[in-house]
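Reviewing the structure listed below.
Every number here is computed from the coordinates shown, using simple stated rules; none is lab data. Keep in mind that this is a model prediction, so the values were computed, not measured. Heads up, the Cβs are rebuilt from the backbone with ideal geometry, glycines too, and the neighbour counts pull from every protein chain shown.
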Amino acid sequence: MSTQAIIQAIKAYDTIIIHRHVRPDPDAYGSQAGLKEMIRKSFPEKNVYIVGESEPSLEFLAQMDEIRDDTYKNALVIVCDTANAARISDQRFDLGNQLIKIDHHPNVDAFGDALWVDTSASSTCEMIYNLYLAGKNDGLTLSDEAARLIYAGIVGDTGRFLFPNTTKKTFQYASELVTYNFDRPALYDGLYRIKENIARLRGYILQHYQLAESGLSSVKLSKELLDEYGVSSTETGQLVGVLGDIEGIKAWALFIEEDELIRVRLRSKGPSINEIAAKYNGGGHPMASGATVYTWDETANLIKDLEEVCAEYNT
């Protein structure tokens, strides 16, 4: 689907409801809420909502809306930053009149009536800003708040512009976004400030990670350990990058035990990991993915598969 077709769809509907993925990150929040703010600024007469479960660490970015089922009647629904339908937060996404997918992940699940997928984009927020540029002459306006949210998502998904998904276009868009009136130091503080208990768990990870000869590192965080440190499963997302600067690590996995499953956060500095994530009830980018297993014994199989791709990878 072209950006112009999306713009025309936005202009055609009085009610627009925007979703994103479960367990959201800054790009999910930023693209969802940034798109909402852009539409509201451009077309004040429209009813625009963002829905999904709230993430306390990201509530400084935006607050989710609570809407009734009948709000979806004759509405346009847009899903941002979500590769497959099963991971959409708030499964009412299919109650609307038209469904559009906007995403930068590999298109493993082509859900919706129309989709715009760009795997070359650093983030879905980068795509939302691209949408704004494409529609400037067709009524789209970017507010300071929309710029703040979009910038936050780009920063989050590029690791403060350190990840290889950062391109010339990413820097160009960022340079334009920072000309808007928002508090960048406060934004960075919100994105990267951590509580003392999370800092202490970071220390535990650095003391207890395992590094295999293949270059794979892994850390297992049991429910009892998380309770000991007072850290929720969701908050472990703030720790996923802690092993990224250690020499010799090609890829790493954090195994986080929840009540009925074990959440797996995967990152890589080279080996492609998203196909393995897909094998274990997940997916994502070649360098950043997530998966789910249900027993500690099953984690051994996942580690074995990861070790194979790390061993085969030549730095």
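Listing for the model above:
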{"quantity": "Neighbour-count ranking [beta-carbon atoms within 10 angstrom, fewest first] of ILE205, ILE262, ILE102", "calculated": "ILE205, ILE262, ILE102"}
{"quantity": "Loop-located GluC sites (Glu not before Pro) in region 228-269, at most 16 other Cβ atoms within 10 Å (DSSP)", "calculated": "GLU247, GLU258, GLU260"}
{"quantity": "Mean separation of Cα contacts under 8 Å, 6 or more apart, over the residue count of region 3-192: relative contact order %", "calculated": "25"}
{"quantity": "5 angstrom amide H check on LEU115, placed H, neighbours 5+ away", "calculated": "LYS101"}
{"quantity": "For the chain, radius of gyration divided by Kirkwood radius, i.e. Rg to Rh on alpha-carbons", "calculated": "0.97"}
{"quantity": "Highest average packing first - 158-166, 294-302, Cβ atoms within 10 Å", "calculated": "158-166, 294-302"}
{"quantity": "Extended-chain gain in nm, criterion 0.36 nm per residue less alpha-carbon gap, TYR204 and GLU308", "calculated": "34.8 nm"}
{"quantity": "Rough spin-label spacing in nm, given labels placed 7 Å along Cα→Cβ, for LEU261 and THR141", "calculated": "4.3"}
{"quantity": "Straight-distance crosslink candidates among lysines, where the alpha carbon sits under 26 Å from LYS195 and sequence neighbours closer than 8 are dropped", "calculated": "LYS220, LYS223"}
{"quantity": "Label-point separation in nm, ASN47 to LEU133, each point 7 Å along Cα→Cβ", "calculated": "3.5"}
{"quantity": "Proximal lysines relative to LYS46, as straight alpha-carbon distance under 27 Å, when same-chain residues fewer than 8 apart are discounted", "calculated": "LYS11, LYS36, LYS73, LYS101, LYS136"}
{"quantity": "For region 170-261, share of DSSP beta bridges that run antiparallel, in % to the nearest 5", "calculated": "25"}
{"quantity": "Of all DSSP beta bridges in region 1-92, antiparallel share, percent nearest 5", "calculated": "10"}
{"quantity": "For region 173-216 versus region 83-156, the gap between their alpha-carbon centres in whole angstrom", "calculated": "24"}
{"quantity": "Helix axis angle, 196-208 relative to the chain longest principal axis, alpha carbon, degrees", "calculated": "40"}
{"quantity": "Simple spin-label estimate for ASP14 and ILE194 in nanometres, 7 Å along Cα-Cβ", "calculated": "4.9"}
{"quantity": "C-alpha long axis of helix 3-12 to longest principal axis of the chain, angle in °", "calculated": "60"}
{"quantity": "Anchor LYS169: aspartates and glutamates whose Cα lies under 12 Å away (excluding residues fewer than 8 positions away in-chain)", "calculated": "GLU126"}
{"quantity": "Using alpha-carbon coordinates, inclination of helix 168-177 to the longest axis of the chain, degrees", "calculated": "60"}
{"quantity": "Antiparallel content of DSSP bridges confined to the chain, in %, to 5", "calculated": "45"}
{"quantity": "GNM result for the chain, Cα springs below 10 Å: residue of LYS250, LYS136, LYS269 fluctuating most strongly", "calculated": "LYS136"}
{"quantity": "Efficiency of FRET from Cβ geometry, SER2 and LEU225, R₀ 41 Å, rounded to 0.05", "calculated": "0.25"}
{"quantity": "Theoretical ellipticity at 222 nm over the chain - DSSP helices of four or more residues, -39500 (n - 2.57) apiece, nearest 500", "calculated": "-11000 deg cm²/dmol"}
